[in-house]
Amino acid sequence: MSALDTRRSSLAAGNEASSLGSADSGAAHGGMAARPAPGEILRAYVALCKPRIIELLLITAVPVLFLADRGLPSLLDAAVVVAGGTLAAGSANALNCYIDRDIDQVMRRTRGRPLATHTVSPRAALIFGTVMGVVSVGLFAAAANLLAAALTLGAILYYVVVYTMLLKRRTSQSTLWGGICGAAPVLIAWATVRGSLSWPPFLLFLVVFFWQPAHFWALAVKFKEDYRSVDIPMLPVVASLRRVLTESLVDSWLMVAASVAVWPLATGPLYGVAAILLGGAFLAEVHRMHWRAVRGRPVQTMRLFHESNIYLTLLFAALAADALLH
């Protein structure tokens, strides 16, 4: 029996005992167990969408609209990207929760998710995620163009099928290759405006793609025992901290190189200076942590996790500001 099977059995026994206790308590009081309030159910469906991840995706997608439009984007394009992007990401995240419900109820970090707490049923989550995905693709097809719709559909399917179902439980490099769908909003936003793709959005795609490993591995280091308990071979689970930070360092250099390469192709000096300064500061932090790991000193990877959020936000804010001024 695997570690995950053992944890599931223990959890199932605990849940059964808890359910019996709740039933006895309800019977003693002459009533049934309380049903979730409407507000609680609404919050559960919002939680299924993982709003923090959606926020990160929009942070990269919306500024690309400014670059693609060479200034302030049209209200329609902005509305389609924000609404359609939110629905598409919410769809992928809800379907991810549906597929991962077996491990979510075991991991400490995810035990409070709606499917793990049985606030939302698996069938309801599956329908909810599927409908949002269909609506998002239809919105891009109707209000933007078929290329944006196809990219949206591809991103949803990649996250659900390739990342969640095929890679996550099989390879330590799932975070790296899962970055394809995480970086897709950049391409979708550009395609919404232009109806085609070119080098600037591909380079920005690479920025986000290579940003994700350092960002998510930093978080996974903190929760590596959680991932180990459910047999998820995240890199921090199967490799040393030194190797994790070595790979993060390589990816970070590629990220900064891609970000700077955007400058001569599509932007002005404001973005270029920001890319160099922000990239230099980020690389200095990753090098510092790698140096400490090599020497066996304590490393606070969550600092890198938070700084990576700041880096991405400021870089894409500079992209939007430069497009307005350039």
### Task
Of the listed values [x] 5, 24, 30, 20, 10, 4, 3, 2, 1, 1, 0; [y] 6, 24, 30, 24, 12, 4, 1, 0; [z] 6, 27, 35, 21, 7, 3, 1, 0, grab the one calculated as P(r) over Cα pairs in 10 Å bins from 0, in percent from the structure here.
[y]
### Message
Taking R0 as 35 Å, what FRET efficiency do you get between residue 297 and residue 166 from their Cβ-Cβ distance, rounded to the nearest 0.05?
### Response
0.40
### Task
Figure the gain on full extension for residue 324 and residue 55 (residue separation times 0.36 nm, minus the Cα-Cα span) and round it to one decimal in nm.
94.6 nm
### Query
Stokes-Einstein D for region 107-199 at 10 °C, 1.306 mPa s, Kirkwood Rh over Cα pairs, in µm²/s?
106 µm²/s
#### Entry: Backbone HN-Hα couplings from phi across region 316-321 [Karplus 6.51/-1.76/1.60, Hz, Gly and Pro as x]
6, 5, 5, 4, 5, 4
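Taken together, the values in this text are just the output of simple stated rules run on the coordinates, not laboratory data. None of these values were measured; they are calculated from a predicted model. Positions of Cβ are generated from backbone atoms using ideal geometry, with glycine treated the same way; all protein chains shown enter the neighbour counts.
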